[in-house]
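Accompanying notes for the structure given below.
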Amino acid sequence: MAFIEVENLNKQFIIRKKREKGQLMRPKEEISALREVSFQVNQGELVGYIGPNGAGKSTTVKILSGILTPDSGRASVDGLVPWADRKAHVRRIGVVFGQRSQLWWDVPIADSFALLKEIYHVPEAAYQARMGELTEALQLGDLMRTPLRLLSLGQRMRAELCGSLLHSPSLLFLDEPTIGLDAVSKLTLREFLQWENRQRGTTILLTTHDMEDITALCSRVMVLGHGRKLYDGELTELLARYDTERIITARYEEEISGTAWPEGCQVRRNGENWIITYAPEKIPTAEMMARMQQAGHLRECTVQPQNVDRLIARMYQEMEL
Amino acid sequence: MDTLRLYRKSMAMLLKSQMQYPASFLMQTLAQLVMESGELMAVILLVDRFDHLNQWTAGNLYFFFGLMSMTFYLTECFARGITGAFSGMVRSGQLDTLLLRPRGVLTQVLCSAVDPRRITCIAVGAFSFGLGSRLSGVAWTAGKALIILESVFCGFWLIMGLFMIEAILCIHSVKSIELANALTYGGRSACEYPIDTFPRPLRLLFTVIAPFALVMHVPAAWVLGKPLFGWPGWTAAVTPTAGIILFGIMYLLFQRAMRFYRSTGS
Amino acid sequence: MMNRMRSFRTYGAIFRMRRRMETQYRGAVLGGVICQVFFGLVLIAVYRALYAGNPQHMALSAITTYVWLQQAFFRMLLASDPDLMEKIRTGAIAYDLCRPLSLYGYYYARILAQKWMGSLLRALPMILLAILLPPGWELAAPASWAAMGCAAAALLIGLCCVSAMENITMAFTMRTLDPRGVQAMMNLLMMTFSGNILPLTLFPDRWQRVITLMPYAQLLDAPIRLYTGEYALGEAGRILAIQAGWTVILIGIGAYLWRRNQRRLIIQGG
């Protein structure tokens, strides 16, 4: 049996709309947050869980962490049913919500951790060892006596991670962990997650809108839309499927004009830069380069890396999300 | 035992965090003092004009007022999570965070708030209680003291149980919580006065549904040497347990409501 | 003059907008009314028991009427504008400085609208309910039609007066970092000396001359006493004059404080 098993999960929410004239009760509307979602995750995997807003990502995380009960379907994490065995289950998981804090606002973070230790019944020796490890990996050593409210957003997120991991959970849910962080903080955070995953074999399920998080961390992604699972597999394969165009930016030594660009590519000009968009399956990159050299003396030429955000946007569009 | 330990540690931390803003804390504590003194003054002014209420003398009335005031504000102080902070926790989603931890939800709710500003209200209550006891000439014995302690203890659970009605409604996302206020704050205002002040329907309400009369008035009247309805002495020791029973019922309903919450929150 | 007229029209628009907003919370109104009725019943039960052993020169029916009218217009006394408090706390009030209005007039219109509509919505059903209660518990009829008219006029002045008072509290709020202490204090004074906790008529007789002259007594106590006939019709002119006098004084103080606040805000740059 896999570490996380999810089978035909369904969840509907009932929303009451605003009452209109002549209606006695506010009309109800049912919204399917999850429809027949199934998947398996093995121990030690680092899985990205993506989809546009309202796709059902948070609902899945809430069900798997025991906050919500599904309408139908089965799920188990390490042999436990999250909503039925809540206390036993949550002892073994950690959850970080990017926009919500679980630490106490006005006290030094060390005090928050000490209280969490109490809540999770972590034995003293294990706590000391784990804290040593985490404070070093998350560079929290100097911040332990600082109240949460005085920390920067990046420091705060590191403290949150420490709080969610100090009871050494075997599964970690991350909901938008890098939201609002600066570049350095994001990199530190990603490095840490890789370290935690490799070091302890912690299974990590990551929901995010930041595609760089996904490319940096996850080899496997699941795509969710309108409550259905639309894709589950290798990230590279998913990208290849929608990676249908390349962009080249070129500069020439001299003014060039009226070049015969190949059929089917788009050319724009931005100051000295020529920006050429083409589909590699129609025009091989080698041919494209040859044509560009014929046009004049190339001073500089860059092939832009695939823009993951754009790919995903295209994918969402094509899947009609 | 373990739960108590967690509660103690949480309280220590919350106090520490409130002391981060000493000036504000002091100001609000004083404000509470003024407010509760105002309530007491109303009783004093009434006594000044009317002298007595049925068979109850001025001292008796201060005694009842003090008992209610001490008990109510002890609850507001130590069970702030239920008496004041709960609806906010539901709205802000903090309740979700509590569900992610391997402890009982109610325990964690109680561990997440404390209101030490109420200390001055409790002091006003204690003052009124002491004054009432002197004016009424109560000859204190160990038995009487125990009965009063029992009354305060059971009153704590009673008041918390009543506030849990509000919490339960809140979990079911019912908006009109003012109705629940009629039992909690309304109960406090009414039962500052002994129960025989009120006509039958109110008497029933505060005996059967929100049993302030059983928890506070029966033992207090016995201590004052004027047993309510002429009931025998042993009733003073037994009836306060009604508070615990009410809490027990509310606890079960709360647990049920939490299951409902988990299946509908968004 | 034209300018003044135009700004009055603007205040009118603010007033109407807040009034409409206030009507949106019908559910809360119903719950509030039920709760208030309950408190009224409890208070009357206490006074009935007190009266039973010790009749007073003032009729019990005057007390029950007093209690019901206090409960019905309770909303008028309550600090009404949490939005505004929040604005002051977060400093978002600086935006209001950008409006081409005097801050005092702007807030006065808001507060007045909230108190007017908020208490009207609650008072009407409560008064209806209270009239229907059994004798000994009910809201009695006014002393006379003329008394009723005087009471209504006094209530309107009281409304203007309480709005002026709240605006002064607001002005003070802006000067302290943590206004909760000051507010609790003001609240207590308000609830005690306006007769909400205990009818002013039941305060010791020797206090009466002083407390009835205080501004708090002008809000609800004066209209109620006119209604029950405790203030004879011959006194009505004097009572209304005291009320109006306080209102003018309080508006003057409030306007002065707000002008100073406004100047300070501009200097500090919000």
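The numbers here are math on the coordinates, done by the rules we state, and not lab data. Predicted, not measured: the structure shown is a model, and the values here were computed from it. Every residue, glycine as well, gets a Cβ built from its backbone with ideal geometry; the counts of neighbours run over all protein chains shown.
Tabulated data for the structure shown
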item	result
Full-stretch length increase - C:Tyr95, C:Asp83 - with 0.36 nm per residue and alpha-carbon distance subtracted	3.0 nm
Dipole magnitude (debye, nearest 20) for the range B:97-200, charges at Cβ of Lys, Arg, Asp, Glu	200
Highest to lowest packing among A:31-39, C:162-170, B:105-113, A:197-205, scored as the average C-beta count within 10 Å	C:162-170, B:105-113, A:31-39, A:197-205
Nonlocal amide H pairs with B:Gly93, under 5 Å, H built at 1.01 Å	none
Over chain A: helical MRE at 222 nm, DSSP H runs n ≥ 4 each giving -39500 (n - 2.57), nearest 500	-10000 deg cm²/dmol
3J(HN,Hα) from dihedral phi, the range B:133-147, Karplus parametrisation 6.51/-1.76/1.60, rounded to Hz, x for glycine, proline	5, 5, 5, 7, x, 6, 8, 6, 10, 4, x, 5, 4, 4, 4
Neighbour net charge for A:Leu115 - beta-carbon separation under 14 angstrom, K R +1, D E -1	+3
Proxy reagent accessibility, fewest Cβ within 10 Å first, across A:Lys87, B:Lys226, A:Lys229, C:Lys115	A:Lys87, B:Lys226, A:Lys229, C:Lys115
Per-residue average of Cβ from other chains inside 10 Å of C:47-56	5
Long-range HN-HN contacts of A:Leu230 with modeled amide H, under 5 Å	A:Val223, A:Leu224, A:Gly225
Karplus 3J(HN,Hα) series, Hz, for the range A:184-198 with 6.51 cos²θ - 1.76 cosθ + 1.60 (x for Gly, Pro)	5, 4, 4, 4, 4, 4, 5, 4, 4, 4, 4, 4, 4, 5, 6
Interchain or long-range residues, amide H under 5 Å from A:Trp261's placed H	none
Spacing of the two label points (7 Å from each Cα toward its C-beta) at B:Gln255 and A:His121, in nm	1.8
Selection of chymotrypsin sites (Phe, Trp or Tyr not before Pro), the range B:72-177, meeting DSSP coil and at most 12 other Cβ within 10 Å	B:Trp140
Exercise: per-residue mean of other protein chain Cβ atoms within 10 Å, B:128-136	0
Cα-based Rg and Dmax for the range A:4-240, where Dmax is the largest Cα-Cα distance (Å)	19.0, 66
Helix B:22-50 axis, angle to chain B major axis (alpha carbon atoms, nearest 10°)	30
Selection from B:Leu67, B:Ala257, B:Trp222 lying farthest towards where the dipole of the range B:22-264 points positive, charges on Cβ	B:Ala257
Ranked by how many other beta carbons lie within 10 Å on average, peptides A:172-180, A:102-110, A:148-156 from highest	A:172-180, A:102-110, A:148-156
Cα-centre dipole for the range A:218-308 with unit charges at Cβ (Lys and Arg positive, Asp and Glu negative), debye to 20	360
Among B:Thr97, B:Ser136, B:Ile177 the positive-end extreme of the charge dipole of chain B (Cβ point charges)	B:Thr97
Relative exposure of B:Cys121, A:Cys301, B:Cys77, judged by other C-beta atoms within 10 Å (fewest first)	A:Cys301, B:Cys77, B:Cys121
Spin-label proximity, B:Lys226 to the range B:172-214 - amide N less than 11 Å from point 7 Å beyond Cα toward beta carbon	B:194-197
Per-residue mean of C-beta atoms belonging to partner chains within 10 Å, peptide B:16-23	4
